[in-house]
Every structure is written in structure tokens, then in C-alpha cells.
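A short reminder: the numbers here are calculations on the coordinates, not readings from a lab. Keep in mind that what you see is a predicted model, and the values were worked out from it rather than measured. Glycine also receives a Cβ, built like all others from the backbone with ideal geometry; neighbour counts cover every protein chain displayed.
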Amino acid sequence: MFHRIRRRRAEEEIAGILRQQAEFQARMAANQAPLPHLAQPAGAPEPPAEPAPTVDDFLPPELRVPSHDQVEGRMMPWPWPIVLDSEVVACAACETYRDWLIISTRDQVWLRCRAGHEQLEPRLDTAWFNRHSGPSDATHATFEDCLRHLGH
């Protein structure tokens, strides 16, 4: 019983402190005037602005990463089985269920098995791909180059 009384008193004290702080901030906001050394007279001319110096971009061209609109798609290896809606996804042609290559292109996700069969997976989307993929380690000019890079 005494702990309830102590807790209620503590809550009342906290509420009183918060109320005092809010009143103080309201008074300060009402009494605040612009600082005289920051205000300029109405007729004073503005100093001429110096042009900003031009500098090259931060990164040299060989270190820049292409944006999403500059690449056709992205791929990542996925050695584990893919389980969607309590069902293991298997290749429609050879029925393998692991060692996938996941391809994200044009807001679609495609699965490619080790044998080279590809199938559209409508239950996966680009957001799922972005959550599960890491940073890109390379860019390739052709689809075949990327397949070779990923070991397929």
C-alpha cells in the first residue's frame, strides 16, 4: 500500500516539473526578440556574393557505382533452399531446391538453378531481394560475364 502512495507522489512530482518546464519554455518563446547584431537595417545593401569555387566530383569515375537506372538487373547466389508459404521452392524442370542464382530485373525476381533453368517467382519482389542481398562487388557488361563471375 505504501509503495502505491510513493509511486503516486513521484508521478505527481514529475508531472509538476514537466508543467513548470513547459510554462518556462512558453514564457521564453513569448519574450524572445531578434538579436540586434544579427538583424540588418532595412535599407542596407547586401554584400556581393562570391561565386562558389568549382571542384571535381568527390570520386574519380572508375570508383563510382552505377545507379539503379544504369543497370539492367542484379544477381546474387543463394545456396540454401527457398521456403515460401511453408513450401520449398523447386525448379520446375529438374526439381532441384537449392543452389539458386536469384536475379532481380524490371521489378521481377527470377530463380535460376545450377542446370540453367529459369523461372519467374511472383511471390518474391524487389524489396525482398534488396533486404537479402549484400553490396555489389562487381559490375559486368553481359549476363554471361556475371554468370561466370558467380560460378554458374
Peptide ranges 20-29, 89-98, 58-67 listed from the most packed, as the mean C-beta count within 10 angstrom indicates: 89-98, 20-29, 58-67
In degrees, nearest 10, the alpha-carbon axis of helix 2-31 is tilted away from the dominant principal axis of the alpha carbons of the chain by 80 degrees
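Where does each of His152, His68 land when they are ranked from fewest to most other beta-carbon atoms within 10 angstrom?
Listed from fewest to most nearby Cβ atoms, that is His68, His152.
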